[in-house]
There are 2 protein chains.
Amino acid sequence: MILALAGGVGGAKLAAGLARALSPGELTVVVNTGDDFDHLGLHVSPDLDTVMYTLAGVANPQAGWGREGETWNFMQSMATLGGPTWFQLGDKDLATHIERTRCLRSGESLTSVTRALCGRLGVRHAVLPMSDDPVRTVVHTEKGELDFQHYFVRERCKPRVSRIEYHKASAARPSPQFAAALADPALEGIVICPSNPYLSIAPILAIPGVRDVVARCPRVLAVSPIIAGKAVKGPAAKLMQELGAQPGALEIARWYRGIVRTLVIDRSDAALAPQIEALGIVAAVEDALMRDDAGRERLARACLARLVR
Amino acid sequence: MILALAGGVGGAKLAAGLARALSPGELTVVVNTGDDFDHLGLHVSPDLDTVMYTLAGVANPQAGWGREGETWNFMQSMATLGGPTWFQLGDKDLATHIERTRCLRSGESLTSVTRALCGRLGVRHAVLPMSDDPVRTVVHTEKGELDFQHYFVRERCKPRVSRIEYHKASAARPSPQFAAALADPALEGIVICPSNPYLSIAPILAIPGVRDVVARCPRVLAVSPIIAGKAVKGPAAKLMQELGAQPGALEIARWYRGIVRTLVIDRSDAALAPQIEALGIVAAVEDALMRDDAGRERLARACLARLVR
């Protein structure tokens, strides 16, 4: 059994590749919920949705969020009514948020709701929130303390970041299914997807106990979300710079030092391999850009081959 | 100033006719909120919406609820996700419920939210909920006690009704604006629209003090929602029968006895006029079926002419 840690578009893409390479019983995808927030009275779980929609084959490939073939009549009416429109919610997507919120209010756990939604969308591999407890990523910026979605969507990642916090993480527990997967004797390895380390992976590792268990696992591999000094998507490179680091796969290696055994880097970063290996991390050079389904599967299979080596 | 009491499709149609005949300062429409309910975590106000959409010219004329040119992508996704689908919510309509709920949760009154929504939709005449307090119409049936929308929409009015209750009505107060309109020296008359008396008008009259003030008003006119023994729309005739009365304009007159001075009945019911007049009510024979905008305005003007006579 392989455990994948994911969040965001890159994470969802590799999770989809792993789902093509592994049977449902062989893969569990654990997803960041630090981005979750309450909007218009609805519980929105952006990373869970991106992973779920991507695995279900209904994600919008252009946007990197939301559903394909989406319509925007709700949003247009909200604009007419003068309601908040900074966070776009498609008509189809809205059903996910409303149904999730309904089930959570009736006492279901986020894990249970996610399983039900995934089942309805035809996702056969396990997708788990990292926790059923609330963890909220907060970004300290020159414009003050911002909730993650306010920073990410409303402010379009523009304010300069000085610090990132994972509110309530210290009080959160891994979801029972995540804890069980971490303790499962059948666990063969952990793949940390090419997600933003600060925003998608750090919240998962911030849950008490998780970092230690992951670090003790002999086979942990991460895929660098930075290729040739640039983030494939999202603010990872900008954040690195603002947090005082040189954007690049080498910085990713430094960040994952003590946690991962192997870091997959793109061919264009092959020259960094000696410096990464000097940190005690195996640098695995692969074609790390996932252009299509075949590219996702190819990278997934390469990760699996590197893991069991 | 004319006060109209309304609820449902017939009520909305006459309210729209009155809005064509009167300037914004001359008309206040007070709407039943006994049908309001919480669905999927949203505060849904069916009668307010029907009146608001009708006055805004964006109502679906076929359905009698919801918006014209509506799309159903949210609803289709809800069905895919296994959520409740018995209450249809169009993509555009959903914005009304979400925005209303958001504003109510932030502490606004239903009156204030309704004014804002109406303003955004271009409704210039005052539309008021009967109360900012919750009143819930409950229908006692052979299938047990049903919340109104469960009876009306989910069960399609099929269960036989033995009794109707207006929960919490005795603790509700008329909205301050409704109370002010009732006490306004400029009030020239009250038009009770052709709405279901048991389901749309009774909840308004059940609010402490309202029935007495309406009954004391010298110029109160009602329009019969029953034409030739049949309800133009909805379960009024079926309900009358189940509650032990003969469906017809005469029964409407009996029900409004002591409250209205004048009852407008359709030409097809002209033969009932002597029996209605015997109850001490002026029977005003008009073409009471509103087929189009012109029909609404014509009936509205006829009502106004009868009121001031």
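Quick note: the coordinates plus some simple rules give every number you see, no bench work behind them. Remember, it's a predicted structure, so these values are computed and weren't measured experimentally. Here the Cβ is made from the backbone with ideal geometry for all residues, glycine too, and neighbour counts use every protein chain on show.
Of everything in the range A:68-85, what is part of a helix (DSSP H, G or I), more than 7 Å from chain B (Cβ to nearest Cβ) and buried (at least 17 other Cβ atoms within 10 Å of the Cβ)? Give them in sequence order. Break it down into steps so the answer makes sense when it comes.
In the first step, residues of the range A:68-85 are kept if they are part of a helix (DSSP H, G or I); the result is A:73-81.
Cutting the leftovers down to more than 7 Å from chain B (Cβ to nearest Cβ) gives us A:75-76, A:79.
If the condition is that a residue be part of a helix (DSSP H, G or I), more than 7 Å from chain B (Cβ to nearest Cβ) and buried (at least 17 other Cβ atoms within 10 Å of the Cβ), then A:75 is the only one that fits.
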(request) Look at the range B:87-145 and say how many of its residues are within 12 Å of another protein chain (Cβ to nearest Cβ) and of a type in the set (Ser, Thr, Tyr). (result) 4
(message) Considering only residues that are assigned to a helix (DSSP H, G or I) and either of a type in the set (Lys, Arg) or at positive phi (or both), which ones fall in the range A:86-125?
(response) A:92, A:100, A:102, A:105, A:115, A:120
(request) Filter the range B:126-158 down to the residues that are more than 30 Å from residue B:177 (Cα to Cα) and of a type in the set (Ser, Thr, Tyr), then identify the one that is surrounded by the most Cβ atoms within 10 Å (Cβ to Cβ). (result) B:151
(request) For the range A:104-120, state whether one or more residues are surrounded by 20 or more Cβ atoms within 10 Å (Cβ to Cβ) and in contact with a Phe, Trp or Tyr (Cβ under 7 Å, 6 or more places away or on another chain). (result) no
(request) State the number of residues belonging to the range A:218-231 that are more than 14 Å from the chain's Cα centre (by Cα) and more than 14 Å from residue A:246 (Cβ to Cβ). (result) 5
(request) With respect to residue B:65, determine if the residue is of a type in the set (Phe, Trp, Tyr) and crowded, with 18+ Cβ neighbours inside 10 Å. (result) yes
(request) Report, by residue number, each residue of the range B:260-309 that is of a type in the set (Val, Ile, Thr) and farther than 15 Å from residue B:194 by Cα. (result) B:276, B:281, B:282, B:308
(message) Condition (residue is touching a helix residue (DSSP H, G or I) at 6+ places or on another chain (Cβ under 7 Å) and among the acidic types (Asp, Glu)) applied to the range A:211-233: is it met by at least one residue?
(response) no
